[in-house]
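Presented below is the structure to which this report refers.
The values are calculated or read from the model by the stated rules, or taken from the named source; none is laboratory data. Remember, it's a predicted structure, so these values are computed and weren't measured experimentally. Methodologically, a virtual Cβ is constructed for each residue, glycine included, from the backbone with ideal geometry; neighbour enumeration extends over all protein chains shown.
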Amino acid sequence: MIVVPLIVLIPFASAFIGLAVGWNRLAARRVAVVGAGIALGLAVYAAVAVWAGGPSVEIWGTVPTGWIPITVATRADGLGVTVGVMVTFVAFAVQVYSTAYMRPEPRYGSYAALVSLFTSAMLLVVFADDLVVLLVGWEVMGICSALLIGQHWERPEARAAAVKAFVVTRLGDVGMLAGILVLADLTGSFQISALQESAVASTTLTVGLVLLLCGVVGKSAQVPLHVWLPDAMAGPTPVSALIHAATMVAAGVFLVARLDSVFLLSPGALAVLAVVAATTMVLAALAALAQDDYKRVLAWSTSSQLAYMLGALAVGGYTAGLLHLLSHAAFKALLFLGAGVIAHAIGTTMLSGMGGLRRSMPLTYLMSTLGLAALMGLPPLGGFFSKESVLAAAEEAALHAGPLPPWAAWLVLLAGLFTVLVTAAYATRAWLLAFRGPTRSVSATAHDPPPPMRFALVMLAVPTVLLAALAFMPSVVVAMLNPGIGVPAEPAGPSISAGTAALSLALVGVGALSALAEWQRLGGRDPAVSLGPVGPLLADGFGVDRLYEAAIVRPVTALSRLVVAGDRDVVHAYVRGTGSAVRALGRVPQAAQAGRVQSYVTAGLAFVVVLALAGAGASWW
Amino acid sequence: MRLAFPLVASALLFSLGVFGVLARRNAVLVLMSVELMLNGVNINLVAFDAWWADALHAGQVLTLFVITIAAAEVGVGLAIVLLVFRNRGTSDLDDLGLLDERTESVGESAEPEAAR
Amino acid sequence: MNGVELAFVLLGAVAVGSGVLVVTTTRVVHAALWLAVSLGAVAGLFLLLTAELMAWVQVLIYVGAVVVLVLFALMLTRAPIGPVPGAPVARVVLAGAIAAATAAVLVGGGLTAMGSEEIDLEAIDVGTGRAIGAALFTAWVLPFEVLSVLLLAALVGAIVLSRGRGREDRS
């Protein structure tokens with residue numbers, strides 16, 4: 001279908017047109033919103049076409065490489081169009097929101113263009129049928145993300161966060177590139193359809209998939225490459241909403257889902273994924289419990305929820321994981337935009353500076369409550385159903401035979417249940433500190449946001465609520481998420497296990513009530529204080545950043561200083577030495593041009609005498 | 001008289017003049033050394049005139065010319081030295097280094113400077 | 001060695017010896033005076049070679065005019081009265097080497113070529129004023145006239161140079 005490349009190219013064009021007219025704010029705003037809107041429309045059209053007509057793969061060209069050629073191919077199938085609709089939906093909401101939120105921003109033109117370019121790159125990842133084309137989109141997303149984090153590059157923390165995000169994700173991408181090459185070598189083609197058709201279980205396949213997981217771990221902020229996501233909150237809030245909640249970080253999950261049929265052939269890769277997911281789930285949720293910055297709470301929470309999705313995919317719960325991806329995109333974007341509204345109103349995102357905002361910002365309060373409830377997994381919101389299906393899939397794989405070793409499935413299940421508890425605790429804490437309790441002086445001036453931002457909030461609240469309906473339509477979900485060509489078996493629809501659901505609801509209650517009780521006991525102050533000495537450790541993210549700083553950053557910086565010194569003192573010394581040597585050599589004949597008459601006469605007479613002596617000697621000979 | 005005596009005398013005077021031109025610092029002294037050289041030449045000319053004993057007395061006439069030209073040269077030369085002294089304030093040849101091609105500090109010179 | 005040669009050796013020694021002092025003494029004015037002595041000795045050498053006119057012209061012009069000019073120049077350039085430091089040792093050594101080489105070449109070449117020749121002092125036409133004047137104004141009259149033009153040019157040049165830019169332009 002011609003529509004698919006258009007979906008990718010329209011935001012791309014809107015990026016460059018927006019950059020060209022960026023000096024005119026009105027034109028830039030129009031270009032950005034219209035571009036995102038057209039992309040959304042085309043994505044919906046493509047979705048309808050695929051749901052009605054079935055999936056398709058189109059090859060638009062081939063790039064010879066001297067080894068395996070790169071096929072510029074796109075595929076339109078259930079998974080692709082669904083995620084495509086999700087991406088364009090959130091992107092459109094964020095672009096509308098940004099027209100108001102970024103009003104005081106001097107570099108709006110470049111910001112909007114970068115967001116459009118990012119959207120285009122994410123759509124390329126979603127619709128690519130060739131691993132190298134996917135990698136191109138992957139990397140462009142990475143650079144857009146880094147540039148957008150560093151939007152306010154006057155602030156050193158923004159600059160540092162941008163570099164950190166780029167370097168850490170790039171590190172993962174090195175492994176991913178190696179994985180792509182291994183997989184291509186295995187199947188003889190870069191095309192995903194070829195990989196899905198011809199993959200057989202083997203150690204090489206596992207190795208390739210595990211290397212691919214390096215990129216996933218980097219992009220989706222899982223342990224050990226999760227360190228960039230909390231710092232990325234230095235970027236503007238709409239950027240956090242789009243990139244670091246709904247789309248880019250979800251690209252890692254998307255990649256695993258896209259290659260799900262291949263992953264299911266490799267229990268080893270699934271086990272690795274399960275361990276990574278379980279660790280991240282717990283670690284990130286615990287870290288979120290002690291953060292003072294509301295946006296950092298949401299960032300750690302994103303890591304934790306992404307781990308849920310990856311855990312679901314690891315235990316073979318394909319639909320569960322993707323359902324959680326969609327509902328998380330909706331409610332996390334909603335929560336981030338809500339945080340942006342708060343920042344816009346009172347100028348800070350620190351929980352210690354907020355309080356009683358429910359009175360002054362009622363709409364924001366309602367929206368954020370919805371989002372936090374979905375995060376906790378309260379019925380009847382979409383978050384409840386998606387999380388429960390994840391846990392059910394884990395239980396299924398643990399108790400019955402699954403595609404991965406049972407101990408890994410148990411690990412995911414137990415980590416998932418513990419995380420439910422902690423998630424409820426930190427969500428309740430954030431809700432209480434921000435919206436309940438006495439109004440602080442800062443919060444008194446808060447107000448609900450201007451219309452564009454309100455519109456975006458409501459736009460995202462709708463799927464937060466309505467995605468729940470999908471739980472009751474498993475066949476629709478299956479059809480929506482059908483990965484189409486090359487998949488041997490029908491993926492199972494989402495289901496909920498009653499026992500696990502009851503257990504998790506109980507855990508939610510425990511977590512929420514304990515946070516509430518602590519809050520009330522402390523008289524409205526931060527319940528995290530009760531964590532005691534563990535608190536700062538959690539807030540610091542278990543010291544992983546400091547570990548990387550000491551083990552990696554410092555040696556690399558020292559090495560680079562050594563290299564610079566070597567270049568300057570060794571290589572350049574030769575260059576400078578050449579200059580000095582030539583100049584010193586030049587001084588020797590310069591002595592003969594000293595400007596003293598007598599030296600000239602001396603030289604002349606000396607030569608005459610020498611000539612005379614030579615002549616006399618010659619004649620005597 | 002053997003021709004060797006005037007020859008040696010003239011050669012010695014000439015060489016002394018060469019030494020003086022090269023080794024003296026005062027410009028006037030250099031001109032005086034040039035006079036020594038010219039005198040050496042004159043002795044040579046007169047000696048050979050005596051040896052040839054020609055009717056034209058070429059040697060002695062040339063000596064006359066040399067003396068005259070030497071006088072003219074000394075006059076103009078000393079006028080120049082005076083002009084230099086007026087402009088530069090010194091008649092020490094070691095101080096007159098405007099044509100020094102070297103771009104480093106003017107204090108340096110090929111030969112080590114003696115303490116002033 | 002006959003009397004003439006002996007006298008020649010003595011006068012030559014005076015000339016060369018005072019020449020040595022001219023080029024080596026540290027007192028500038030003394031150098032000028034030693035130059036006068038040297039030039040006078042050279043006049044004596046001319047006499048011994050029967051060049052009478054040359055000897056008196058030498059005394060007149062060289063000892064009389066040139067030395068006086070030199071002394072005036074020394075005065076006008078504020079030559080120091082006391083001893084002055086000489087040239088750096090390296091240069092003196094180099095100059096000495098060149099002078100020695102020059103002497104070696106000249107003496108060696110001269111003696112090799114002409115060492116055994118003799119000047120017959122009785123047979124020559126003595127360099128009296130009459131003899132030189134006759135030669136000068138018959139065979140050498142053209143160079144003589146050119147020489148007078150040269151003297152005029154030198155005279156004019158010296159005056160122009162020593163006048164500087166002219167007093168009117170300075171103010």
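With respect to being more than 30 Å from A:Q196 (Cα to Cα) and in contact (Cβ under 8 Å) with a residue 60 or more places away in the chain, A:E154 falls outside the description.
The rows are residues; the columns are (1) surrounded by 17 or more Cβ atoms within 10 Å (Cβ to Cβ); (2) under 23 Å from the mean Cα position of the chain (by Cα).
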residue: A:I10; (1), (2): yes, yes
residue: A:A20; (1), (2): no, no
residue: A:A28; (1), (2): yes, no
residue: A:A39; (1), (2): yes, yes
residue: A:S56; (1), (2): no, no
residue: A:T62; (1), (2): no, no
residue: A:T71; (1), (2): yes, no
residue: A:A76; (1), (2): yes, no
residue: A:M86; (1), (2): yes, yes
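Conditions tested, residue by residue: (1) modelled with pLDDT under 95; (2) part of a helix (DSSP H, G or I); (3) buried (at least 20 other Cβ atoms within 10 Å of the Cβ); (4) more than 7 Å from chain B (Cβ to nearest Cβ).
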| residue | (1), (2), (3), (4) |
| --- | --- |
| C:H30 | yes, yes, no, yes |
| C:L35 | no, yes, yes, no |
| C:L39 | no, yes, yes, no |
| C:V42 | no, yes, yes, no |
| C:L47 | yes, yes, no, yes |
| C:T50 | yes, no, yes, no |
| C:Y62 | yes, yes, yes, no |
| C:A65 | yes, yes, no, no |
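Scanning the stretch A:585-621 for residues that are assigned to a helix (DSSP H, G or I), more than 10 Å from chain B (Cβ to nearest Cβ), among the hydrophobic types (A, V, I, L, M, F, W, C) and exposed (fewer than 10 other Cβ atoms within 10 Å of the Cβ) turns up A:A618, A:W620. Of the residues contained in the stretch A:51-58, none is found to be modelled with pLDDT of 85 or more and of a type in the set (A, V, I, L, M). Say whether the condition of being over 29 Å from C:I159 (Cα atoms), free of Cβ contacts under 8 Å to residues at least 40 places away in the same chain, facing another protein chain (nearest Cβ under 9 Å) and among the charged types (D, E, K, R) is met by at least one residue in the stretch C:98-117. Within the stretch C:98-117, one or more residues are over 29 Å from C:I159 (Cα atoms), free of Cβ contacts under 8 Å to residues at least 40 places away in the same chain, facing another protein chain (nearest Cβ under 9 Å) and among the charged types (D, E, K, R). Inside the stretch C:73-96, can you point out the residues that are in a helix (DSSP H, G or I) and touching a helix residue (DSSP H, G or I) at 6+ places or on another chain (Cβ under 8 Å)? Hits for the stretch C:73-96 are C:A73, C:L74, C:L76, C:R91, C:V92, C:L94, C:A95, C:G96.
Results for (1) within 29 Å of C:A73 (Cβ to Cβ); (2) modelled with pLDDT under 85; (3) assigned to a helix (DSSP H, G or I); (4) out of contact with any His (no Cβ under 7 Å at 6 or more places or on another chain), shown as yes or no for each residue.
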position: C:L106; (1), (2), (3), (4): no, no, yes, yes
position: C:A123; (1), (2), (3), (4): no, yes, no, yes
position: C:R130; (1), (2), (3), (4): no, no, yes, yes
position: C:L142; (1), (2), (3), (4): no, no, yes, yes
position: C:R165; (1), (2), (3), (4): yes, yes, no, yes
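Restricting the search to helices (runs of 4 or more DSSP H) fully inside the stretch A:206-276 and requiring at least 2 residues that are surrounded by 24 or more Cβ atoms within 10 Å (Cβ to Cβ) and of a type in the set (V, I, T) gives A:237-241, A:248-258. Within the stretch B:49-59, the set of residues being more than 7 Å from chain C (Cβ to nearest Cβ) and among the aromatic types (F, W, Y) comprises just one member, B:W52. Taking the listed residues C:A101, C:A79, C:A97, the one that is over 30 Å from A:V610 (Cα atoms) and under 23 Å from the mean Cα position of the chain (by Cα) is C:A79, with no other qualifying.
Looking at the stretch C:125-137 only, could you name the residues that are out of contact with any Ser or Thr (no Cβ under 6 Å at 6 or more places or on another chain) and at the interface with chain B (Cβ under 9 Å from one of its Cβ atoms)?
Keep residues of the stretch C:125-137 that are out of contact with any Ser or Thr (no Cβ under 6 Å at 6 or more places or on another chain), which gives C:125, C:128-137.
Answer for the stretch C:125-137, where residues must be out of contact with any Ser or Thr (no Cβ under 6 Å at 6 or more places or on another chain) and at the interface with chain B (Cβ under 9 Å from one of its Cβ atoms): C:D125, C:A131, C:I132, C:A134, C:A135, C:L136.
Consider B:V66 carefully, then state whether it is more than 24 Å from C:P85 (Cα to Cα) and touching a Phe, Trp or Tyr at 6+ places or on another chain (Cβ under 8 Å). So B:V66 fails the test.
Taking the numbered list (1) among the charged types (D, E, K, R); (2) farther than 20 Å from A:P438 by Cβ; (3) surrounded by fewer than 22 Cβ atoms within 10 Å (Cβ to Cβ) in turn, A:R358 passes all entries but (2).
Sort out which residues of the stretch A:176-203 are in a helix (DSSP H, G or I) and of a type in the set (S, T, N, Q), and write them in order of number. The answer is A:T187, A:S193, A:Q196, A:S198, A:T203.
Kindly indicate whether C:S18 is assigned to a helix (DSSP H, G or I), out of contact with any Pro (no Cβ under 7 Å at 6 or more places or on another chain) and more than 9 Å from chain B (Cβ to nearest Cβ). Considered against the rule, which asks whether it is assigned to a helix (DSSP H, G or I), out of contact with any Pro (no Cβ under 7 Å at 6 or more places or on another chain) and more than 9 Å from chain B (Cβ to nearest Cβ), C:S18 comes out as yes. List every residue pair whose Cβ atoms lie under 6 Å apart, where the two residues are 6 or more positions apart in sequence or sit on different chains, the first residue falls within the stretch C:46-57 and is acidic (D, E), and the second residue, located anywhere, is part of a loop (DSSP other than H, G, I, E, B). From the stretch C:46-57, the pairs are C:E52/C:G127; C:E52/C:T128.
Annotation note: of A:L363, A:L372, the sole residue that is in a helix (DSSP H, G or I), of a type outside the set (D, E, K, R) and in contact with an Asp or Glu (Cβ under 6 Å, 6 or more places away or on another chain) is A:L363. Restricting the stretch A:192-202 to residues that are of a type in the set (S, T, Y) and touching a residue at least 12 places away in the same chain (Cβ under 8 Å), which is surrounded by the most Cβ atoms within 10 Å (Cβ to Cβ)? Restricting to residues being of a type in the set (S, T, Y) and touching a residue at least 12 places away in the same chain (Cβ under 8 Å), the top hit is A:S193.
Residues considered: A:G311, A:G316. Of these, the only one that is of a type outside the set (D, E, K, R) and not in a helix (DSSP H, G or I) is A:G316.
Residues of the stretch A:493-514 that are outside any loop (DSSP other than H, G, I, E, B), within 21 Å of A:L399 (Cα to Cα) and within 29 Å of the chain's Cα centre (by Cα): A:S504 alone. Note on the stretch B:52-66: residues that are of a type in the set (A, V, I, L, M, F, W, C) and surrounded by 20 or more Cβ atoms within 10 Å (Cβ to Cβ) amount to 2. Taking the stretch B:17-48 as the range and being more than 7 Å from chain C (Cβ to nearest Cβ) and over 20 Å from B:A71 (Cβ atoms) as the test, only B:F48 passes.
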